[in-house]
Amino acid sequence: MWALFFLAGISLLVILVVSGQAARRESTTRLIMEYNQATRRLKQQTTKHVKKIPSHTAVKPLKED
């Protein structure tokens with residue numbers, strides 16, 4: 001009888017660990033997708049709002065000897 005309770009407890013523990021890992025994997029995937037989407041949006045906004053500097057007004061680096 002004790003062996004049955006022991007096996008039931010072990011299987012419950014395994015189920016909890018596996019489901020916790022699956023939930024963590026899902027939340028990590030969601031965070032990565034949100035990060036990529038935000039990065040893409042920022043790149044689009046930056047290229048839309050930043051104007052290119054004309055070459056004749058651009059600051060040229062100093063030549064080193």
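Provide the per-residue ³J(HN,Hα) series for region 31-40, in order, calculated from phi with Karplus coefficients 6.51, -1.76, 1.60 and θ = phi - 60°, each as a whole number of Hz, with x at glycine and proline positions.
5, 5, 5, 5, 5, 5, 5, 5, 5, 4
Please list 3J(HN,Hα) in residue order for region 13-23, calculated via the Karplus relation 6.51 cos²θ - 1.76 cosθ + 1.60 where θ = phi - 60°; whole Hz, with x for glycine and proline.
Karplus values, whole Hz, x for Gly and Pro: 4, 5, 4, 5, 5, 5, 5, x, 5, 5, 5.
Here, each number is a calculation from the coordinates, and none is a lab measurement. These figures come from a predicted structure and were not determined experimentally.
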